[in-house]
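The values are calculated or read from the model by the stated rules, or taken from the named source; none is laboratory data. On a predicted model such as this, the values are computed, not experimentally measured, just so you know. Please note: Cβ atoms are built from the backbone with ideal geometry, for glycine as well, and neighbour counts cover all protein chains shown. Please note that ligands, DNA and RNA were not included when accessible areas were found on the heavy atoms of the full protein model with its side chains. Shrake-Rupley method; radii C 1.70, N 1.55, O 1.52, S 1.80 Å.
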Amino acid sequence: NTTLYPLLCVGAGLCAGMFGIGGGIVKGPLMLEMGMLPAVSSATASFMILFTSATAALNFALFGALDPQYAGVLFCAGLAGTCAGQLGLDWLLRRLGASQSLIVLLIAVVIGLSAAMMGVVGTIAVVEEVRHGVPQGFHSICATEASGGDRYIE
């Protein structure tokens, strides 16, 4: 277990970077499998996402690709959503007297909805590209405008 879990976390990080998925989608259930309490697993995954998001925002800011107005609005919306979600879940757990199983169920629902929406968004993007005649084949990552700009491999 001392080598398996770190390797799985490395794999989760690679998948998060390559496929654009959140590392918390993989690490949350992994921590549950390790025997962590659901509330601790969710909080730890959220804490890790804080650093991932901050690093991404810093990279965008350094390259001049961060619009401060959008960043401010989205930060406030994210903070408000986090507070509302935390207060709502606390209220629901107190009202229902539910155990940690409700948190596990909610984590599963969020992961399932995220996976479904990634499929829907990807399918819509491919359909739109096909409608506009964008080739769907492999393309060279090294092509330049000097070579005619044709990046697609026939």
- Query: So what J values fall out for segment 41-49 if you push phi through Karplus, 6.51 cos²θ - 1.76 cosθ + 1.60 with θ = phi - 60°, rounded to Hz, Gly and Pro as x?
  - Reply: 4, 5, 5, 5, 4, 5, 5, 5, 5
- Query: So how far, in whole Å, is the C-alpha centre of segment 102-124 from the one of segment 32-63?
  - Reply: 18
- Note on the structure: Measuring from its Cα centre, segment 1-129 shows a charge dipole (+1 at each Lys and Arg Cβ, -1 at each Asp and Glu Cβ) which, in debye to the nearest 20, is 400
- Tell me, what ³J(HN,Hα) does each residue in segment 8-14 have, in order and in whole Hz, if you take phi through Karplus 6.51 cos²θ - 1.76 cosθ + 1.60 with θ = phi - 60° and put x for Gly and Pro? 5, 5, 4, x, 5, x, 5
- Query: If packing is taken as the mean number of other Cβ atoms within 10 Å per residue, what is the order of 34-40, 89-95, highest first?
  - Reply: 34-40, 89-95
- Task: State in Å² the accessible area per residue of segment 1-137; use a 1.4 Å probe, count heavy atoms of protein chains only, and round to the nearest integer.
- Result: 72
- Message: Show me, for segment 122-128, the HN-Hα J-couplings you get by feeding each phi into the Karplus relation (A = 6.51, B = -1.76, C = 1.60, θ = phi - 60°), rounded to Hz, glycine and proline as x.
- Response: x, 5, 4, 5, 5, 4, 5
- Query: Where in segment 1-83 are there chymotrypsin sites (Phe, Trp or Tyr not before Pro) that are in a DSSP coil and have at most 11 other Cβ atoms within 10 angstrom of their Cβ?
  - Reply: PHE63
